[in-house]
Structures are given as C-alpha cells and as structure tokens.
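Enquirer: Sharing a structure here in structure tokens format.
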Amino acid sequence: MTKLRSFVLILVLSLATSAGCRQDSRRMHNGVWRAELTVAEGKKAPFLFEIQCAGSDSATLTLINGEERVPLTGLYYAGDTLIVPIDAYDAAIKAVPDGRHALRGRLVKNYIAGDTGTVFTARYGDSNRFAPSATRASIDIDGKWDVLFIHGEDTTRNAGIFSSNNGIVTGSILTSSGDFRYLEGAVTDSGIVLSAFGGLSPYLFELEFADSHTFRGVFYTARGKTLLAGRRNPHAGLPDLYDLTHLKSGYTRLGFRLPNTDNDTVSLADARYRGKAVIVSVLGSWCPNCLDEIQYLAPWYRENRERGVEIVGLAFERKDDFAYGKAAIERLKRRYDIDYEILFAGQAGKSVKTVLPEVENFSSYPTLFFTDRDGNVVKIHTGFSGPATGVFYEEFKSEFNRIIDGLLQKND
C-alpha cells in the first residue's frame, strides 16, 4: 500500500509541474505573443513567439523571425516559474506568469555559472514586432548594401540584403564569419528598425537614412553596441571566403585524431574516408550559423553519400569535457537527423590550434575543409551564408556543388 501511495504521489506531482496543454489553458493563452529582451543602454529587442498545444500533455513555444520558425519543446513549471529550455544553446527562459496574459523573467545561459541572465518580458495578443509608425519614411530599402561595422578607427566591411512589403522589412547582414540570420522589422518615420532572437542572443538594429542611398545606425546586443554605416551597392558582397583560411607552408593534409560519441578515435586515415572526397566541418553546437550549415549538409549527405563523398564534423563545445560534448553532439544529431560522424574536439577557441596545428588564420565557426580522394586539402571556406541571405545562399550552394563535382570527377 505504501508503494502504491508513493507512486500516486509522484504521478500527481509530475502532472502538476507539467507545462502541458491543460496547464497552459489555465495559465497562458495559446497564440501569438510579443516579447522583449533587454540589450545595451536599456534598449529592448522585440520578437514574437507562438504557444501551441503539441498534444494532450505538452506545449510548444515557437520563436518567430521573418520566415524562420524555431520550436522550443519540453516546457515545464518549477513552482510558479515557467521554464522554456533552449537545448540548442544550453540556455533557458525562466519566467513567472502574470495571469494568462503576461510573462516576466530572464533568459539564462546554463553554461555560465551563476549567470543572472537577460531581462525578458512578454504579453499575449500583440502581433506587431514594432509599433506601426504614424508616418513612414519614403525610402527604398530593397536590395544590397555595403555595411560597415565601426570599431573605433577600424571598420569591417560587410554586406546587407533587405526587402520590404507594406512597411515590414526583412533581410540579413553578412560578415566573413557568417550572417545575422533572419532579421525582421519595420519602416519608421526616419529609417528602419530590425531585431531577431533565435534562442542565443537578442539583436537590435536602429538605422537612420539620410536618403535612399546611405544610412547610419547602431547595432545593440546584450553585451554592448556597435556603430554602423551603410551605402547602397547592387554589387555588395564579401571578400573571397575561400581565401581567408589556409594551411601552413609544408602541410597538405589534416592530421586530427579525435573521439566520436562512443569514445572511439577517428581520423581521415580510417577506411571510411580513404579514397573518398571528404568535407571536414569545424563547428559548435552553440553556433547559429553552424546550425544553418548543418541544415544544408545533413540532407545533402543523405542524397550524395553513394557518390563517394563523406562528411566529418569537428565539434568545439562550450566546455573541454567529454561528457558535456557528447551530450551536445547527440542532441545535435537527433535534432537534425545527422548520419555522418561528429567528433568532440574540445573547447571552442582554446583547442583549435592544438587540434588543427596545420591551419593558419582560422577565424570562424563554421569553416569547411574540402579534401580530395588522396586526402589533400584543396579548398577552405570560412563562415556560412545561410538561407536568410537569399541570393548569397544560392551562390554558396552552387559553388559548393561545383567543388564537390570537381573532386569526384578527379581520377575517375
């Protein structure tokens, strides 16, 4: 009888702390919510999310940025606090409901001991990311732009691509290490405002236009702000991303030997890779652009592996701890249905020079190494321009497939 009572008590407690549909119907409205995360100088970076019942006992919170949808599952209550796990980035939103219409709490990064988080608020029923402007500036934002990030006297040249429809603006900004993914915003009385939150860091851009050809502005994150300047350029682009990272003089191959999630040592000398064209992807499960790259590579590999091509990922994670890395990699492989090996390479930043001593000017997660059937590195691509970048993404895919076709035709 005692065992039965214990079982019933555990079951009741489990149901009471679930953030399932029954619980949501009492505490939170299903539908679209407007949220804000605090960034530098007390500014607010807004974003939208939708709460939906995913079944009889679970709910999904889906982040919305332009065309992007990021579903977050496994919601639960700890006392009165709603916990929204963001597993991809080892983070969570922890918020206390105020009735069924409001939430207030913080975005917390679990991998940072004692992280106090970023202030988070949300309210149900407002689907406007930014408040509509009474008078919209008469500017033409559509097209490509040269974008300068100004750091003191140093400037970094990047590329922007934007489009507008009835006062709503979408697009992205590309850098040599990746892109800012799906930005969404609105035309104001003097320019545009853009924001994004995909689960890792909030972004806010405030751009003021002198005319339809130039702008100045500020980019805000939770850590600080950066000044921007832009000029319309239909030929805007980045430096050659295949000419930024190189092998050191005297090296032609990558010699890493790293553990997979079964703790078996893997290298390019293994039978699985010998005689094949191999793509080596340097990544981190915490890196948004790496996730975009994986979303392209995982299905591409399933469609092309029989042609004699392999992919192997080198995952540099938040901690130099095998158990931590194994868990992160396994989550990644489940989420994106990855069939190729991903190896644990150590801690991001600290381990790259040790794992890849042959490489110089490594600057970005992700970075792709293309090796021929003899194991020689023939191309290195820095960064990744994802689907939010439109034509730039299409250009990457075309060049990627052209390189692979060339590697497979060689020695045929």
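Enquirer: Which residues, taken from the range 249-260, are part of a loop (DSSP other than H, G, I, E, B) and not aromatic (Phe, Trp, Tyr)? Outline the logic, then answer.
Expert: Pass one, the range 249-260, residues part of a loop (DSSP other than H, G, I, E, B): 249-257, 260.
Result: Ser249, Gly250, Thr252, Arg253, Leu254, Gly255, Arg257, Asn260.
Enquirer: Residue pairs, Cβ under 7 Å, 6 or more apart or interchain, first in the range 321-332 and at positive phi, second assigned to a helix (DSSP H, G or I) and aliphatic (A, V, I, L, M). List them.
Expert: none
Enquirer: Has the range 338-346 got any residue that is out of contact with any strand residue (DSSP E or B) (no Cβ under 6 Å at 6 or more places or on another chain), surrounded by fewer than 18 Cβ atoms within 10 Å (Cβ to Cβ) and within 30 Å of Gly74 (Cα to Cα)?
Expert: Yes, some residue in the range 338-346 is out of contact with any strand residue (DSSP E or B) (no Cβ under 6 Å at 6 or more places or on another chain), surrounded by fewer than 18 Cβ atoms within 10 Å (Cβ to Cβ) and within 30 Å of Gly74 (Cα to Cα).
Enquirer: Still on this structure: Please enumerate the residues belonging to the range 192-234 that are in a loop (DSSP other than H, G, I, E, B) and touching an Asp or Glu at 6+ places or on another chain (Cβ under 8 Å).
Expert: Our first condition is that a residue be in a loop (DSSP other than H, G, I, E, B); within the range 192-234, this holds for 197-202, 210-213, 221-224, 233-234.
Within the range 192-234, Gly198, Ser212, Asn233 qualify.
Enquirer: Here is a list: Phe384, Phe369. Which entry is touching a residue at least 40 places away in the same chain (Cβ under 8 Å), of a type in the set (A, V, I, L, M, F, W, C), touching an Asp or Glu at 6+ places or on another chain (Cβ under 7 Å) and not in a helix (DSSP H, G or I)? Let's see the steps before the verdict.
Expert: Values: Phe369 fails: touching an Asp or Glu at 6+ places or on another chain (Cβ under 7 Å).
Result: Phe384 is the single residue among Phe384, Phe369 that is touching a residue at least 40 places away in the same chain (Cβ under 8 Å), of a type in the set (A, V, I, L, M, F, W, C), touching an Asp or Glu at 6+ places or on another chain (Cβ under 7 Å) and not in a helix (DSSP H, G or I).
Enquirer: Next up: If you scan the range 100-115, which residues turn out to be free of Cβ contacts under 8 Å to residues at least 24 places away in the same chain and not basic (Lys, Arg)?
Expert: Ala102, Val108, Asn110, Ile112, Ala113, Gly114, Asp115
Enquirer: Pairs under 6 Å by beta carbon, first residue of a type in the set (S, T, N, Q) in the range 78-94, partner open to solvent by 20 Å² or more (accessible area, probe 1.4 Å), six or more apart or different chains?
Expert: Qualifying pairs under 6 Å: Thr81/Lys94; Thr81/Val96.
Enquirer: Which numbered condition in (1) closer than 23 Å to Asp292 by Cα; (2) of a type outside the set (S, T, N, Q); (3) open to solvent by 20 Å² or more (accessible area, probe 1.4 Å); (4) in contact with a Pro (Cβ under 7 Å, 6 or more places away or on another chain) is the only one that Ala45 fails?
Expert: Of (1) closer than 23 Å to Asp292 by Cα; (2) of a type outside the set (S, T, N, Q); (3) open to solvent by 20 Å² or more (accessible area, probe 1.4 Å); (4) in contact with a Pro (Cβ under 7 Å, 6 or more places away or on another chain), only one is false for Ala45: (3).
Enquirer: Yes or no: the range 269-281 includes at least one residue that is open to solvent by less than 10 Å² (accessible area, probe 1.4 Å), in contact with a helix residue (DSSP H, G or I) (Cβ under 8 Å, 6 or more places away or on another chain) and among the aliphatic types (A, V, I, L, M).
Expert: yes
Enquirer: Here's something else I'd like to know. Where residues in the range 109-141 are of a type in the set (Asp, Glu) and more than 24 Å from the chain's Cα centre (by Cα), which of them is modelled with the highest pLDDT?
Expert: In the first step, residues of the range 109-141 are kept if they are of a type in the set (Asp, Glu); the result is 115, 126, 140.
Checking which are more than 24 Å from the chain's Cα centre (by Cα) leaves us with 126, 140.
Working: Asp126: 89, Asp140: 86.
Among them, the one singled out is Asp126.
Enquirer: Counting only residues that are open to solvent by less than 80 Å² (accessible area, probe 1.4 Å) and in contact (Cβ under 8 Å) with a residue 60 or more places away in the chain, which one in the range 253-267 is farthest from Val359 (Cα to Cα)?
Expert: It comes out as Thr261.
Enquirer: Among residues belonging to the range 192-214 that are in contact (Cβ under 8 Å) with a residue 40 or more places away in the chain and of a type in the set (Phe, Trp, Tyr), point out the one that is least open to solvent (accessible area, probe 1.4 Å).
Expert: Phe197
Enquirer: Considering only residues that are in a helix (DSSP H, G or I) and crowded, with 17+ Cβ neighbours inside 10 Å, look in the range 352-366 and name the one that is modelled with the highest pLDDT. Before you say what the answer is, go through the steps one by one.
Expert: Step one: list which residues in the range 352-366 are in a helix (DSSP H, G or I), which gives 352-355.
Now drop any that are not crowded, with 17+ Cβ neighbours inside 10 Å, which leaves 352, 355.
Working: Val352: 92, Val355: 96.
Per the stated criteria, the residue is Val355.
Enquirer: List every residue pair whose Cβ atoms sit under 6 Å apart, with the two residues 6 or more apart in sequence or on different chains, where the first one lies in the range 280-307 and is at pLDDT 95 or above and the second, anywhere, is of a type in the set (S, T, N, Q) and buried (at least 24 other Cβ atoms within 10 Å of the Cβ).
Expert: Val282/Thr367
Enquirer: Considering only the range 235-248, state which residues are open to solvent by less than 60 Å² (accessible area, probe 1.4 Å) and not in a strand (DSSP E or B).
Expert: Within the range 235-248, Ala236, Gly237, Leu238, Leu241, Tyr242, Leu244, Thr245 meet the criteria.
Enquirer: Just to verify a result, which residue in the range 177-191, among those that are in a strand (DSSP E or B) and of a type in the set (Asp, Glu), is surrounded by the most Cβ atoms within 10 Å (Cβ to Cβ)? Full working, then the answer.
Expert: Taking the range 177-191 as the starting set, the residues that turn out to be in a strand (DSSP E or B) are 178-179, 183-187, 191.
Imposing the further condition that a residue be of a type in the set (Asp, Glu) reduces the set to 179, 184.
Working: Asp179: 28, Glu184: 23.
Of everything passing the filter in the range 177-191, Asp179 is surrounded by the most Cβ atoms within 10 Å (Cβ to Cβ).
Enquirer: Determine whether the range 301-311 contains at least one residue that is under 20 Å from Leu247 (Cβ atoms) and either out of contact with any helix residue (DSSP H, G or I) (no Cβ under 8 Å at 6 or more places or on another chain) or surrounded by 18 or more Cβ atoms within 10 Å (Cβ to Cβ) (or both). Steps first, answer last, please.
Expert: Pass one, the range 301-311, residues under 20 Å from Leu247 (Cβ atoms): 310-311.
Add one more test, that the residue is either out of contact with any helix residue (DSSP H, G or I) (no Cβ under 8 Å at 6 or more places or on another chain) or surrounded by 18 or more Cβ atoms within 10 Å (Cβ to Cβ) (or both), and what stays is 310-311.
Yes, because at least one residue in the range 301-311 is under 20 Å from Leu247 (Cβ atoms) and either out of contact with any helix residue (DSSP H, G or I) (no Cβ under 8 Å at 6 or more places or on another chain) or surrounded by 18 or more Cβ atoms within 10 Å (Cβ to Cβ) (or both).
Enquirer: In the list Ala327, Ala345, Ala323, which residue meets the criterion of being touching a helix residue (DSSP H, G or I) at 6+ places or on another chain (Cβ under 9 Å) and under 20 Å from Thr265 (Cα atoms)?
Expert: Values: Ala327 fails: touching a helix residue (DSSP H, G or I) at 6+ places or on another chain (Cβ under 9 Å); Ala323 fails: touching a helix residue (DSSP H, G or I) at 6+ places or on another chain (Cβ under 9 Å).
Step by step, each of Ala327, Ala345, Ala323 is checked, and only Ala345 is touching a helix residue (DSSP H, G or I) at 6+ places or on another chain (Cβ under 9 Å) and under 20 Å from Thr265 (Cα atoms).
Enquirer: Also, quick follow-up: Select from the range 195-217 the residues that are farther than 19 Å from Val119 by Cα, under 25 Å from the mean Cα position of the chain (by Cα) and not acidic (Asp, Glu) and list them in ascending order.
Expert: Going through the range 195-217, the residues farther than 19 Å from Val119 by Cα turn out to be 206-217.
So of that shortlist, the ones also under 25 Å from the mean Cα position of the chain (by Cα) come out as 206-207, 217.
Across the range 195-217, the qualifying residues are Leu207, Gly217.
The values are calculated or read from the model by the stated rules, or taken from the named source; none is laboratory data. Here the structure is a predicted model, which is why all the values come from computation and not from measurement. Backbone-built Cβ (ideal geometry, glycine too); neighbour counts: all protein chains shown. To get the accessible areas, we keep the full protein, side chains included, count just its heavy atoms, and leave off ligands, DNA and RNA. Shrake-Rupley method; radii C 1.70, N 1.55, O 1.52, S 1.80 Å.
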